Amino acid sequence: MRIVGGRLKRRQVPTAELLNVRPTMDRTRETLFNLLANIDGIEGRQVLDLFAGSGALGIEALSRGAAHCHFIEKRRHNARLLSKLLQDLELEALSTVTCADALDSIVRLAKLPSASGFDLVFCDPPYAAALTNQVILTLHRSRILRPGAVFVAEHGLAEMLLPPSGWQCLQERTMASSKIEIFQLSGAE
């Protein structure tokens, strides 16, 4: 797998040693980031990459000018490999890796004084778990998102997203076995 845009374009993101990871394919990431560029862009964004796995989405955002990315990855082995990769790519100063459950992390982040600072969130949980609606609701209640924040969900075709009031679906794309939906939180929040 490779980074498809930005200053790290064409750099490899190794995935062979990762456990139980389904990285977003290069072509899908390219489409996704083209959509995001047309919505609000990436430059200067504070990013939260939930269920990070390989970190491909957050790394792609950093490559394209995001200010910082907080990666949440539950598997300790994968979190260690992601930390090493960020160091190899010289992105450690722009990133934080937390080895924890994504939903628990959202709740913990909400208790920090620096909360309410994310304006781009990637959510790509295991499809069989059907966790995306729970993540949206937890994010909505946590108030860690800035007004106008963009939420990107990649989920299985069987999962139907039902965001709370104040979330507008901007884009959706159906792939062979998944769907990508991009929502924006109302600026009035």
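Derivation of every value follows stated rules applied to the coordinates shown; laboratory data play no part. Keep in mind that this is a model prediction, so the values were computed, not measured. Positions of Cβ are generated from backbone atoms using ideal geometry, with glycine treated the same way; all protein chains shown enter the neighbour counts.
Note down the relative contact order for region 26-185 as a percent, whole number, built from C-alpha pairs under 8 angstrom at least six residues apart. Walk me through the intermediate numbers first.
On the way: 286 pairs, mean separation 28.9, N = 160.
Taking the mean separation of contacting Cα pairs over the length of region 26-185, I get 18 percent.
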Which three extents, in angstrom, do the Cα atoms of the chain have along their principal axes, listed largest first?
41, 40, 30
Who wins for biggest fluctuation among P125, P164, P113 in a Gaussian network model of the chain, springs between alpha carbons below 10 Å?
P113
Which one of A66, W167, S142 is farthest out on the positive end of the charge dipole of the chain, using unit charges on Cβ (Lys, Arg +1; Asp, Glu -1) and the Cα centre as origin?
A66
What dipole magnitude, in Debye to the nearest 20, does the chain give about its Cα centre under +1 on Lys/Arg Cβ and -1 on Asp/Glu Cβ?
280
Among V97, I182, P113, whose Cα sits farthest toward the positive end of the charge dipole of region 26-185 (+1 at Cβ of Lys/Arg, -1 at Cβ of Asp/Glu, about the Cα centre)?
P113
DSSP-defined antiparallel bridges as percent of all bridges, region 39-189, nearest 5
45
Near A37, within a Cβ-to-Cβ distance under 10 Å, what is the net charge of the other residues, with Lys and Arg +1 and Asp and Glu -1?
-1
Lysines with Cα under 26 Å of K111, excluding same-chain neighbours fewer than 8 positions away
K74
